[in-house]
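Comments concern the structure below.
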Amino acid sequence: MKTDTGPDPADLAKRYGTPLYVYDLAEVRAARRDLFRALPDGFEVYYAFKANPHVDLVRALREGDGPACRAEISSTGELAAALEAGYTGSDVLYTGPGKTHEELRTAVANGVRLFSAESPGDLRHIGEAARAEGVTADCLLRINSATGAAGTGIRMTGKPTQFGIDSETVPELADRLRATPGVDIAGLHLFSQSNAADEEALLGEFRHTITTAARIQAELGVPFRLLDIGGGFSVPYATRGERARYPGLATGLAAALDEAFPHWREGAPRIAVESGRYLVGGSGTLIAGVSNVKVSRGQKFVILDTGINSFGGMSGLGRLLPVSVQVAAGTETERATLAGPLCTPGDLLGRQVQVPPLAEGDIVTVPNAGAYGPTASLLMFLGRPAPAEVVLDQGEVVSATRIEHVRRGVEQEPADV
């Protein structure tokens, strides 16, 4: 099977081996363009590096025609990838519930000035790191709203969680939050759901988020300069299909903001959303080799040379299975379970999915695999090599890399005197 924009997967498999990820930068640019077009003019977009921190993909989201994505990171490793891709510290939003003193100092030293604070303690830690560098950090208070509006996607609020400050506690914490040394409260960060394909559900959640943000602004008594209303934009994961379209989103968002934040069009506050899988999910194809085919008690198992060690390492969240295999039109199919090479019964990529008749030495291709691939997987488990990752631009290979597992010595910290 030859792709529309690049080499035949079988040829790539011969050149680089399997398992192999292939990313198409044209698809990354198209997804960025589609997302900005779906939003009101002036919106900012933060790319969540957790989806895929590959530097070539990240760079494609920053460079080229049209608005650039900013960087949302949650580790010094992702910060390094952002800097390598050409971002500066001023382009970065640093998030996460467990920021250590060391990583905060590293982030501030590299010019990061915008952080999402998950708790009063997290806000204090950010302020301490900023003061140590002689600067002030802007902070978005992440809010765990007590309620939500949408019924689709993965819920991220309305329950006890390590993420965010419970919305109902904001009035009693307001004085303490405002008085935290080393930080200015710049606004809010609200993220309520993930992967919402239904536009009305997504818009309903955004409306609820915007209303919540307006109420909290009044409770805090702080004029917001930036409001991050989260994301939830959907693309199929490891199954056939196209990313979701949201033709009415811009109009609906603008109307909700006009009511709650009448001066948002003048930048008071600036409005941002965030996205990971929507921007890169459709860019990737996973190519895997068939190592063996067996039948067990009447069920066929296709054993691949990749499994949850390089794909689907987040399957415990219940959102990755089953994958689908790309099948040419008119091809006969049968049902089989796709299993990986690991010594664990949990190494399954798809249960009883439709596949063409497969034999040892064949390859399979899994579409929409550009997000939550190698870096979201159990790469070190059993010590198997990481998959190769090839990046295409206009049908040509522009890079071919592999993550290497290297054990190095650790320098001992000086003992306290």
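The values are calculated or read from the model by the stated rules, or taken from the named source; none is laboratory data. Just so it is clear, the structure is predicted and the values come from calculations on it, not from any experiment. Neighbour counts are summed over all protein chains in view; Cβ atoms, including those assigned to glycine, are modelled from backbone coordinates with ideal geometry. To get the accessible areas, we keep the full protein, side chains included, count just its heavy atoms, and leave off ligands, DNA and RNA. Shrake-Rupley method; radii C 1.70, N 1.55, O 1.52, S 1.80 Å.
Of all the numbered requirements in (1) under 18 Å from Asn144 (Cα atoms); (2) out of contact with any strand residue (DSSP E or B) (no Cβ under 6 Å at 6 or more places or on another chain), Asp175 misses one, and that requirement is (1). Is there a residue in the range 13-28 that is over 16 Å from Ala400 (Cβ atoms) and buried (at least 19 other Cβ atoms within 10 Å of the Cβ)? Yes; the residues of the range 13-28 include at least one that is over 16 Å from Ala400 (Cβ atoms) and buried (at least 19 other Cβ atoms within 10 Å of the Cβ).
If you go through the range 109-143 and keep only what is more than 18 Å from Val92 (Cα to Cα) and β-branched (Val, Ile, Thr), you end up with just Ile143. Sub-6 Å Cβ pairs linking a first residue in the range 191-210 that is under 19 Å from Arg142 (Cα atoms) to a second residue that is surrounded by 20 or more Cβ atoms within 10 Å (Cβ to Cβ) and acidic (Asp, Glu), at least 6 apart or interchain, are Ser192/Glu205; Gln193/Glu205, ordered by first then second residue. Take the range 260-293 and flag every residue that is surrounded by fewer than 18 Cβ atoms within 10 Å (Cβ to Cβ) and acidic (Asp, Glu). Within the range 260-293, just Glu266 meets the criteria. Say whether the condition of being free of Cβ contacts under 8 Å to residues at least 12 places away in the same chain and either out of contact with any Ser or Thr (no Cβ under 6 Å at 6 or more places or on another chain) or within 23 Å of Gly231 (Cα to Cα) (or both) is met by at least one residue in the range 120-129. The answer is yes; a qualifying residue exists.
Being among the small types (Gly, Ala, Ser), within 20 Å of the chain's Cα centre (by Cα) and either open to solvent by 60 Å² or more (accessible area, probe 1.4 Å) or within 21 Å of Asp11 (Cβ to Cβ) (or both) is a description that does not apply to Ala400. Only one of the listed residues (Ile216, Ile229, Ile154, Ile165) is under 24 Å from the mean Cα position of the chain (by Cα), modelled with pLDDT of 95 or more and among the hydrophobic types (A, V, I, L, M, F, W, C). That residue is Ile229.
Is one or more of the residues making up the range 329-337 part of a loop (DSSP other than H, G, I, E, B) and either in contact with a helix residue (DSSP H, G or I) (Cβ under 6 Å, 6 or more places away or on another chain) or aliphatic (A, V, I, L, M) (or both)? Yes.
Would you say Thr136 is surrounded by 24 or more Cβ atoms within 10 Å (Cβ to Cβ) and β-branched (Val, Ile, Thr)? Criteria not met by Thr136. Of the residues making up the range 180-199, those that are farther than 30 Å from Glu128 by Cα and either surrounded by 22 or more Cβ atoms within 10 Å (Cβ to Cβ) or not aliphatic (A, V, I, L, M) (or both) are Gln193, Ser194, Asn195, Ala196, Asp198, Glu199. Look at the range 62-84 and say how many of its residues are open to solvent by less than 50 Å² (accessible area, probe 1.4 Å) and touching a residue at least 40 places away in the same chain (Cβ under 8 Å). Count: 2. Taken residue by residue, the range 11-20 has at least one member that is touching a residue at least 40 places away in the same chain (Cβ under 8 Å) and either among the small types (Gly, Ala, Ser) or within 22 Å of Ile143 (Cα to Cα) (or both). Yes or no: Arg105 among the basic types (Lys, Arg) and farther than 25 Å from Ala117 by Cα? In short, no. Scanning the range 361-397 for residues that are assigned to a loop (DSSP other than H, G, I, E, B) and either without any contact (Cβ under 8 Å) to a residue 12 or more places away in the chain or within 21 Å of Arg15 (Cα to Cα) (or both) yields Gly361, Asp362, Pro367, Ala369, Gly370, Gly373, Arg384, Pro385, Ala386, Pro387, Gln394, Gly395.
Residues considered: Gly361, Gly370. Of these, the only one that is within 27 Å of Asp24 (Cβ to Cβ), in contact with a helix residue (DSSP H, G or I) (Cβ under 8 Å, 6 or more places away or on another chain) and at pLDDT 95 or above is Gly370.
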